[in-house]
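The values are calculated or read from the model by the stated rules, or taken from the named source; none is laboratory data. Computed from a predicted structure; not experimentally measured. Cβ sites come from the backbone with ideal geometry, for glycine too, and all protein chains shown count toward neighbours. The area values use the complete protein model at the heavy-atom level, side chains included, leaving out ligands, DNA and RNA. Shrake-Rupley method; radii C 1.70, N 1.55, O 1.52, S 1.80 Å.
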Amino acid sequence: MLANLTPFLLHWAITALALWVASHLFKGIRFGSTSALVVSALLLGLANAVVRPLLVVLTLPLTLLSFGLFLLVINALMLLLVAKLVDGFKVDGFWTAFWASLFISLLSLVLGAFVLGGSPDFTIETSPTPGSVWL
């Protein structure tokens, strides 16, 4: 069970670090306390895992027409949603959220590749391996 918890905690720490760095680079992002930062990182991960895929599917025609650039808008909306839900986390406006979400995504990607060595410790099977049965 601890093996499954380690990648989750690493991703959570990477997201929290990226949010903290973004709050120091962008004037429009502020955290009232460390607990607001930790809760924001957890909720951002949850929103990206649950709400974001739904928005991507619902806005698929717009995403295709914009050659995927609308995904940046969805990332900014996820950051604004988390700021709305977490007390002590403030984002001044859409454009601040837009540029900050772009920065957070890139920094998380770089930190994740550095910390995890470029490949996760676990894989998700999308089909059964030859000779095995999926139940």
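One table, with the values for the structure above:
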read-out	value
Pair list, Cβ < 9 Å and 6+ apart or interchain, from the range 16-45 residues that are over 19 Å from Ser108 (Cα atoms) and charged (D, E, K, R) to residues that are open to solvent by 80 Å² or more (accessible area, probe 1.4 Å) and not in a helix (DSSP H, G or I)	Lys27/Asp92
Evaluation of Ala76 against (1) within 14 Å of the chain's Cα centre (by Cα); (2) open to solvent by 30 Å² or more (accessible area, probe 1.4 Å); (3) more than 17 Å from Ala16 (Cβ to Cβ) (one fails), failing number	(2)
Contacts under 6 angstrom Cβ, first residue in the range 66-84 being in contact (Cβ under 8 Å) with a residue 40 or more places away in the chain and closer than 29 Å to Gly32 by Cβ, partner open to solvent by 30 Å² or more (accessible area, probe 1.4 Å) and among the hydrophobic types (A, V, I, L, M, F, W, C), 6 or more apart	Val82/Leu43
Yes/no for Ala13 being open to solvent by less than 20 Å² (accessible area, probe 1.4 Å) and either farther than 20 Å from Leu77 by Cβ or in contact (Cβ under 8 Å) with a residue 12 or more places away in the chain (or both)	no
Neighbours by Cβ (under 8 Å, 6+ apart or cross-chain): first from the range 97-116, part of a helix (DSSP H, G or I); second hydroxyl-bearing (Ser, Thr, Tyr)	Ile104/Thr15; Ser108/Thr15
